[in-house]
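Undergrad: Pasting in a structure now, in structure tokens, and then I'll have a few things to ask.
No lab work stands behind these numbers, since they all come straight from the coordinates. Please read these numbers as outputs of a predicted model, since none were measured by experiment. Cβ: placed from backbone, ideal geometry, glycine included. Neighbour counts: every protein chain shown.
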Amino acid sequence: MKTANQLPSADGLWTDLRLAPGAAPDVSLPEGAQAAIAVEQGRIAWIGDSSAVPERFANAPRHDGAGALVTPGLIDCHTHLVYGGQRANEFAMRLAGASYEEIAKAGGGIVSSVRATREADEDELFAQAAPRLEQLLADGVCAIEIKSGYGLSLEHERKQLRVARRLGEAHGVTVRTTFLGAHALPPEYAGRSGEYIDAVCREMMPALAAEGLIDAVDVFCERIAFSLEETERVFQAARALGLPVKLHAEQLSDMGGAALAARYGALSCDHIEHLSPEGIAAMREAGTVAVLLPGAYYTLRDTHLPPIEALRAAGVPMAVSTDHNPGTSPALSLLLMVNMACTLFRLTVPEALAGVTVHAAKALGLETTHGVLGVGRPADFVLWNVRETAELAYWFGHRPARIVVRQGRVSFP
Ligand code: NIG
Ligand code: FE
């Protein structure tokens, strides 16, 4: 794949486009009107009816959209993309009857990826993660969150986060880094969970924040990971450093994590299969996004559905993401997650598409720049080879992105 600076500029006038519903909330077009988008220096300079293009773009270079449907660039708002190795062996163990929790307790699970991640140097981790990122980009992803959490020491968490930043620069994609030092207890701290949380809060987080490597802080709050009290200590440390928080909440059990996260103004609570009515109310109050992760639900053959109807009724914004990780969601297509959010969780097509655009942007604190098309925003948009918007959710195992404009550069997936 070409690096970002080898790709052609998207500057100029994009014509003969069909705007997907909700793509550009500030633009009102007559029914069936063709749209045009003017890009200048990598940003959207104008967007509207193609029969009313302002004079100043009359001589701009033309890009023929050929009637394509256009959406904002997709956003994958929850991934663990940078890690060493893979865990197909655990997939086989689960087929033989072991559960995710049993494998974790027996020293597999997250900790086995920690071993492989610690063994790899920065260049090796980059080389392993880049092809995975390229798969996601081919689906029209223009912004992605990447968590640490497979290093579990200052040195190795730094390595993961540095690789995440490098991936963003090399591929010209917006990367938001999330520090997930409290993902699992590293083996050298066995039986000393409180001391490990001390190290996360006092040593790792401040150092990595000072290096500009942390955009948000996350915790895996679960009976096989960290308690509510430990989670709150991490949130306090994040608050002291001015960092926003998010949470792996109520995936396997109701720990009360979502309500706690909401008290800390969390950007998002993710997984939430076991979310309680109190958790929903707290998230609504705080404006916290519910991030749905159908890939993990599917892989674990979970049967406990997230409370979609109650979230919908409460007006909690719902995002959809791959949760790409080597254990519970080795997924490399965000559009497949859109399909699964509809099929497994019964989201409507507009809900699922909002889940990978406008609501995903909010889950990353990027709502003023990403998630919808508008003047002044970065030129991140996708031209799709489909007739109807619903096709974006309908096909699976298909990659209908024809042209992706990402950070003002054109690529053909
Ligand atoms: O989001 N829930 C915790 N973390 C990951 C799983 C990580 C792993 O198994 O390696 C998740 O599902
Ligand atoms: Fe996750």
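Undergrad: Give me the pairs: first residue in region 74-90 and within 17 Å of Val163 (Cα to Cα), second residue of a type in the set (Lys, Arg) and away from ligand 1 (no atom under 13 Å from the Cβ), beta-carbon distance under 7 Å, and six or more apart or on different chains, which are they?
TA: Going by the 7 Å Cβ cut-off, the qualifying pairs are Leu81/Arg132.
Undergrad: Test Pro317 against the stated conditions and say whether it is away from ligand 1 (no atom under 14 Å from the Cβ), out of contact with any Ser or Thr (no Cβ under 6 Å at 6 or more places or on another chain) and within 24 Å of Val141 (Cβ to Cβ). Give the steps one after another, and end with the answer.
TA: Numbers: away from ligand 1 (no atom under 14 Å from the Cβ): yes; out of contact with any Ser or Thr (no Cβ under 6 Å at 6 or more places or on another chain): yes; within 24 Å of Val141 (Cβ to Cβ): yes.
Here the answer is yes, as Pro317 does meet what is asked.
Undergrad: Run down Val320, Val358, Val316 and say which single residue is of a type outside the set (D, E, K, R), more than 28 Å from Glu40 (Cα to Cα) and away from ligand 2 (no atom under 16 Å from the Cβ). Break it down into steps so the answer makes sense when it comes.
TA: Working: Val320 fails: away from ligand 2 (no atom under 16 Å from the Cβ); Val358 fails: more than 28 Å from Glu40 (Cα to Cα).
Of the residues listed, the single one that is of a type outside the set (D, E, K, R), more than 28 Å from Glu40 (Cα to Cα) and away from ligand 2 (no atom under 16 Å from the Cβ) is Val316.
Undergrad: Okay, moving on. Spot the failing condition for Val39; the list is (1) over 30 Å from Pro131 (Cβ atoms); (2) among the β-branched types (Val, Ile, Thr); (3) not in a loop (DSSP other than H, G, I, E, B), and only one is missed.
TA: Of (1) over 30 Å from Pro131 (Cβ atoms); (2) among the β-branched types (Val, Ile, Thr); (3) not in a loop (DSSP other than H, G, I, E, B), only one is false for Val39: (1).
Residues checked against (1) farther than 30 Å from Tyr297 by Cβ; (2) within 28 Å of the chain's Cα centre (by Cα); (3) hydrophobic (A, V, I, L, M, F, W, C):
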{"position": "Arg18", "(1), (2), (3)": "yes, yes, no"}
{"position": "Ile37", "(1), (2), (3)": "yes, yes, yes"}
{"position": "Ser50", "(1), (2), (3)": "yes, no, no"}
{"position": "Leu81", "(1), (2), (3)": "no, yes, yes"}
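Undergrad: For region 227-236, state whether one or more residues are touching a helix residue (DSSP H, G or I) at 6+ places or on another chain (Cβ under 8 Å), among the aromatic types (Phe, Trp, Tyr), farther than 21 Å from Ile146 by Cα and more than 16 Å from ligand 2 (Cβ to nearest atom).
TA: no
Undergrad: Please state which one of Pro330, Pro326 is surrounded by fewer than 21 Cβ atoms within 10 Å (Cβ to Cβ) and within 16 Å of ligand 1 (Cβ to nearest atom).
TA: Numbers: Pro326 fails: surrounded by fewer than 21 Cβ atoms within 10 Å (Cβ to Cβ).
Of Pro330, Pro326, the one residue that is surrounded by fewer than 21 Cβ atoms within 10 Å (Cβ to Cβ) and within 16 Å of ligand 1 (Cβ to nearest atom) is Pro330.
Undergrad: Hey, could you check region 252-297 for residues that are of a type in the set (D, E, K, R) and either within 15 Å of ligand 2 (Cβ to nearest atom) or on the phi > 0 side of the Ramachandran plot (or both) and say which is surrounded by the fewest Cβ atoms within 10 Å (Cβ to Cβ)?
TA: Quick first cut of region 252-297, residues of a type in the set (D, E, K, R) only: 254, 263, 270, 273, 278, 284-285.
Adding the requirement that they be either within 15 Å of ligand 2 (Cβ to nearest atom) or on the phi > 0 side of the Ramachandran plot (or both) leaves 270, 273.
Working: Asp270: 28, Glu273: 21.
Out of the qualifying residues, it is Glu273.
Undergrad: Collect the residues in region 137-163 that are surrounded by 20 or more Cβ atoms within 10 Å (Cβ to Cβ), away from ligand 1 (no atom under 16 Å from the Cβ) and not in a loop (DSSP other than H, G, I, E, B), keeping them in residue-number order.
TA: Across region 137-163, the qualifying residues are Leu137, Val141, Cys142, Ala143, Lys159, Leu161, Val163.
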